[in-house]
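Student: Here you go, one structure.
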Amino acid sequence: MGSSSCCRSTLRNYLLICVILWSNLSSGVFAKSHRRANIVLILTDDLDIAIGGLNPLNKTKKLIGDAGMTFTNAFVASPLCCPSRASILTGKYPHNHHVVNNTLEGNCSSKMWQKSEEAHTFPALLKNYADYQTFFAGKYLNQYGHSEAGGVEHVPPGWSYWVGLEKNSKYYNYTLSVNGKAQKHGADYSKDYLTDVLANMSLDFLQYKSNFQPFFMMVSTPAPHYPWTAAPQYQDSFNNTKAPRDPNFNVHGKDKHWLIRQAKTPMSNFSVQFLDDAFRKRWQTLLSVDDLVEKIVQRLEATGELGNTYIFFTSDNGYHTGQFSLPLDKRQLYEFDIRVPLMVRGPNIKPNQTSQMLVANVDLGPTILDIAGYSLNRTQMDGMSFLPIMEGKMNSSSWRTDILIEYEGEGHNVSDPACPMLGPGVSQCFPDCVCEDSYNNTYACVRTIASSANLQYCEFDEDQVFVEVYNVTADPYQLTNIAKTIDQEVLEKMNHRLMMLQSCSGQSCRTPGTYDPRYKFDPRQMFASHSWRLSRLRQTK
């Protein structure tokens with residue numbers, strides 16, 4: 001339905017004032033700039049591609065995917081909300097933006113983040129140097145609005161109009177920062193259901209924005225993140241749906257990292273029922289996202305702006321429900337957690353296109369800046385613009401062959417009282433003592449897609465470095481770790497490339513598939529920021 005009348009009135013009045021000011025100041029400069037393309041980025045939260053996440057989104061697939069290009073090999077730089085969102089905003093890998101988890105201590109929306117990175121995000125560049133009007137609505141970074149990070153009064157630089165959710169995803173009973181002023185919402189569906197509130201605020205922006213500048217609009221939905229609260233009209237949808245029983249569902253990851261091996265197989269009946277219910281509820285929440293996409297596209301069409309607007313649809317990470325007997329989460333290195341949907345429609349993109357070229361969320365900022373005419377060479381971004389791919393001007397032989405995925409694990413310094421036998425260092429534990437994370441669930445991976453290879457190579461930060469390697473063509477469900485059987489030369493090349501990517505910055509991250517044989521592997525360099533925590537934990541065991 002709609003947002004509260006107070007909240008919508010506040011935003012509407014703010015927009016009208018700005019439109020009047022820009023109208024009075026309009027000149028030939030603005031008249032020329034408004035012909036540049038508009039850009040919309042719709043970001044979902046925890047939406048997978050590997051286990052059917054797009055199935056409920058029929059309108060979205062038709063209005064964006066069928067109308068443009070679908071990327072079948074889109075990945076995230078880190079499979080966790082805050083590090084991934086920081087990569088989207090900065091165009092950088094985690095080792096360069098230094099957001100490692102969802103906590104303030106992990107640099108998520110911290111004062112340090114605000115001082116070092118926030119002023120250099122791609123929306124800030126769009127607003128300050130490319131003369132775009134910018135609009136944000138929804139979940140920003142998980143700790144946004146924290147009292148130690150400026151509260152909801154803090155409006156990140158780069159946004160003309162700001163509607164930021166305080167902290168993590170919710171559907172009811174939340175607080176929004178509307179241009180720095182707190183706006184509290186309750187539990188009345190007709191005016192508080194967050195996905196609908198974001199939809200209506202987006203429509204308000206499209207109605208009252210200035211017509212003398214191009215615009216960038218980012219809408220960041222709570223769905224399908226926990227607590228999976230569907231709109232009332234969708235709460236009975238998919239009643240017979242269960243989590244997919246793929247070949248890696250409820251099987252033991254016998255040759256994987258110890259954290260995967262500790263999962264109990266077969267899962268308890270309680271765990272299976274719980275994850276089936278969660279899977280169904282996740283799909284239910286996505287029906288409101290589908291409605292949001294439809295409303296935005298219809299409004300753009302009604303105003304005559306759809307043909308001059310790029311619309312991106314993606315997610316901050318994937319998700320799993322029972323793969324390798326892990327109940328529910330997204331912090332692992334496997335395809336179900338690191339691969340995400342990515343669809344784009346817009347000028348010069350032919351409909352019904354599919355690209356298998358390797359792209360990552362660090363590429364979103366560079367691509368959007370490229371659309372806006374801002375040179376990537378003026379930034380410190382690690383990603384590449386895939387605009388030439390969308391326009392049919394790039395072939396696979398001149399595109400990159402590999403990207404970096406990195407994650408720094410989290411764990412508690414004390415044992416979980418419910419699972420004392422696991423010792424300190426684990427977190428995200430379920431009632432049956434299956435834990436989804438740990439301090440030494442810290443890894444870096446090279447994901448390679450080329451004409452001759454479809455591989456994933458990963459190294460964990462441990463006393464003795466643990467390696468996982470998968471031939472994803474032969475083994476799409478990653479059932480068999482081939483680290484001990486793969487050709488040694490291939491192993492060395494992947495190792496060298498990983499070390500180069502882990503130490504790259506800016507332009508050096510974009511070299512297509514090259515590696516330096518002079519580079520010698522040293523895990524202490526790879527995970528320097530993490531090793532002190534591991535040492536402390538080992539001393540306490």
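Student: Please find, among Pro366, Pro327, the residue that is in contact with a helix residue (DSSP H, G or I) (Cβ under 6 Å, 6 or more places away or on another chain), assigned by the TED database to the domain that holds Asp45 and closer than 28 Å to Phe122 by Cβ.
Tutor: Of the residues listed, the single one that is in contact with a helix residue (DSSP H, G or I) (Cβ under 6 Å, 6 or more places away or on another chain), assigned by the TED database to the domain that holds Asp45 and closer than 28 Å to Phe122 by Cβ is Pro366.
Student: Among the residues of the stretch 187-205, what is the count of those that are of a type in the set (A, V, I, L, M, F, W, C) and open to solvent by 10 Å² or more (accessible area, probe 1.4 Å)?
Tutor: 2
Student: List the residue pairs whose Cβ atoms are under 6 Å apart, where the first residue sits in the stretch 136-154 and is within 26 Å of Leu206 (Cβ to Cβ), the second is open to solvent by 40 Å² or more (accessible area, probe 1.4 Å) and of a type outside the set (A, V, I, L, M), and the two are 6 or more positions apart or on different chains.
Tutor: Partner pairs satisfying both residue conditions: Gly145/Glu166; Gly145/Lys167; Val152/Glu166.
Student: Can you tell me which of (1) open to solvent by 20 Å² or more (accessible area, probe 1.4 Å); (2) of a type outside the set (Ser, Thr, Tyr); (3) at pLDDT below 90 is the one Cys419 doesn't meet?
Tutor: Going through (1) open to solvent by 20 Å² or more (accessible area, probe 1.4 Å); (2) of a type outside the set (Ser, Thr, Tyr); (3) at pLDDT below 90 one by one, Cys419 breaks only (1).
Student: Please tell me if Ala453 is within 25 Å of Trp399 (Cβ to Cβ) and surrounded by 15 or more Cβ atoms within 10 Å (Cβ to Cβ).
Tutor: yes
Student: Then there is this: Since Thr285 meets every condition but one in (1) buried (at least 23 other Cβ atoms within 10 Å of the Cβ); (2) closer than 27 Å to Phe386 by Cα, which condition does it not meet?
Tutor: Just one mismatch for Thr285, condition (2).
Student: Taking the stretch 254-273, which residues are surrounded by 13 or more Cβ atoms within 10 Å (Cβ to Cβ) and of a type outside the set (Ser, Thr, Tyr)?
Tutor: Asp255, Lys256, His257, Trp258, Leu259, Ile260, Arg261, Gln262, Ala263, Lys264, Met267, Val272 - these are the residues of the stretch 254-273 that are surrounded by 13 or more Cβ atoms within 10 Å (Cβ to Cβ) and of a type outside the set (Ser, Thr, Tyr).
Student: Please give the number of the condition Thr401 fails out of (1) at pLDDT 95 or above; (2) within 22 Å of the chain's Cα centre (by Cα); (3) surrounded by fewer than 24 Cβ atoms within 10 Å (Cβ to Cβ).
Tutor: Checking Thr401 against (1) at pLDDT 95 or above; (2) within 22 Å of the chain's Cα centre (by Cα); (3) surrounded by fewer than 24 Cβ atoms within 10 Å (Cβ to Cβ), the one that fails is (1).
Student: Considering every residue within the stretch 228-247, establish whether at least one is at pLDDT below 95, of a type in the set (A, V, I, L, M, F, W, C) and crowded, with 17+ Cβ neighbours inside 10 Å.
Tutor: No, the conditions are met nowhere in the stretch 228-247.
Student: Hey, among Gly411, Gly346, Gly322, Gly318, which residue is over 17 Å from Leu89 (Cα atoms), in contact with a helix residue (DSSP H, G or I) (Cβ under 8 Å, 6 or more places away or on another chain) and assigned by the TED database to the domain that holds Arg497?
Tutor: Of the residues listed, the single one that is over 17 Å from Leu89 (Cα atoms), in contact with a helix residue (DSSP H, G or I) (Cβ under 8 Å, 6 or more places away or on another chain) and assigned by the TED database to the domain that holds Arg497 is Gly411.
Student: Still on this structure, I have one more. Within the stretch 40-69, how many residues turn out to be in contact with a helix residue (DSSP H, G or I) (Cβ under 8 Å, 6 or more places away or on another chain) and open to solvent by 20 Å² or more (accessible area, probe 1.4 Å)?
Tutor: So the answer is 6.
Student: On the basis of being open to solvent by less than 10 Å² (accessible area, probe 1.4 Å), assigned to a loop (DSSP other than H, G, I, E, B) and of a type outside the set (D, E, K, R), does Leu369 make the cut?
Tutor: When the stated conditions are applied, Leu369 does not pass them.
Student: The conditions are (1) open to solvent by less than 20 Å² (accessible area, probe 1.4 Å); (2) of a type in the set (Gly, Ala, Ser); (3) touching a residue at least 24 places away in the same chain (Cβ under 8 Å), and Ser427 fails exactly one of them. Which is it?
Tutor: (3)
Student: Now a separate question. State all residues of the stretch 263-291 that are of a type in the set (A, V, I, L, M) and either in contact with a strand residue (DSSP E or B) (Cβ under 7 Å, 6 or more places away or on another chain) or without any contact (Cβ under 8 Å) to a residue 40 or more places away in the chain (or both); if no residue qualifies, say none.
Tutor: Leu275, Ala278, Val289
Student: Looking at Ala77, is it among the aliphatic types (A, V, I, L, M), under 18 Å from Gly346 (Cβ atoms) and part of a loop (DSSP other than H, G, I, E, B)?
Tutor: The answer is no for Ala77.
The values are calculated or read from the model by the stated rules, or taken from the named source; none is laboratory data. A quick note: this is a predicted structure, and the numbers were derived from the prediction, not measured. Cβ sites come from the backbone with ideal geometry, for glycine too, and all protein chains shown count toward neighbours. For the accessible areas, the whole protein counts, side chains as well, though only heavy atoms, and no ligand, DNA or RNA atoms are used. Shrake-Rupley method; radii C 1.70, N 1.55, O 1.52, S 1.80 Å.
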